[in-house]
Amino acid sequence: MLLLLPYLLLLGNMGCFILCSCANPGIITKSNHASLMKTYAYDGVLFQEGIVCATCNVEKPARSKHCSFCDICVHRFDHHCVWVNNCIGAFNAKYFFLYLFTLTVMAATIAIITTAFLIQVVLLSNMMHGSYIDDHGQEHAVEIFFLIQHLFLTFPRIVFMLGFVILLTLILGAYCCFNLYLALTNQTFNEWYKFRRYRHSHHLTLQPCDRKVVYKNVYAKGVWMNLKEIFKSPAVLERKKKK
Ligand SMILES: [Zn+2]
Ligand SMILES: [Zn+2]
């Protein structure tokens, strides 16, 4: 059963990948422009009113951005993901999040199964109770360092893969946590990045006594509502806007 888990995760992962890369991220068109303009208020810091996209020739709604890769304006633009070859925006952010999450869990599961397999090999061979003789002819009880060395020499590919998968799990886990943080605080990656640049430029130009830039994220509505905003279906969003 445990061995089936990575395959099930792979299936879910592939599904999320396809949804993420094929779904409409939230393209701003002539027909939905008016309703998207009303979705978010301009905060006057990161998003100013009355800025027109030079390419699409429409006024940019708050939280939107023109993607130069896709050549479209995207509603609630997060980032352009080269991995899925699509923009991550209002409508496919949930698929991106699930994709990242399943990928992390998949890597972690493979790491755990491989470790369990190696532990089983060690236990079955009764290696822990043995001893070995070193270069100087002295006898030692088997300790953990010798064990890892022995396993690496016996199953070089498996141990090497395990190291790689553990590293991958850590990197993916960190990125997953960062995205979770953005989701919980209702920030897009674009806004997080823009704010950092904004803060940096203001630190340089402001007087020392005004150094502290106070910026309040006007889009945050509490942890639960922030999460809901990402996971509610576009259909609900569209319906609400039509009213
Ligand atoms: Zn545009
Ligand atoms: Zn794009």
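Readers should treat all values here as calculations from the given coordinates under stated rules, not as data from a laboratory. In this text, all values refer to a predicted model and were calculated from it rather than measured experimentally. Note: ideal-geometry Cβ built from the backbone for every residue, glycine included; neighbour counts use all protein chains shown.
Summary of values
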| read-out | value |
| --- | --- |
| FRET efficiency, Leu19 to Ile133 (Cβ-Cβ, R0 45 Å, nearest 0.05) | 0.20 |
| Within straight-line cross-link reach of Lys38, aspartates and glutamates at Cα separation under 16 Å, skipping those fewer than 8 residues along the same chain | Glu49, Glu59, Glu229, Glu238 |
| Exposure rule at most 13 other beta-carbon atoms within 10 Å, DSSP loop GluC sites (Glu not before Pro): the chain longest free segment | 144-243 |
| Helix 93-124 vs. the chain, principal-axis angle (Cα, 0 to 90°, nearest 10) | 10 |
| Sorted largest first, extent of the chain alpha carbons per principal axis (Å) | 81, 50, 32 |
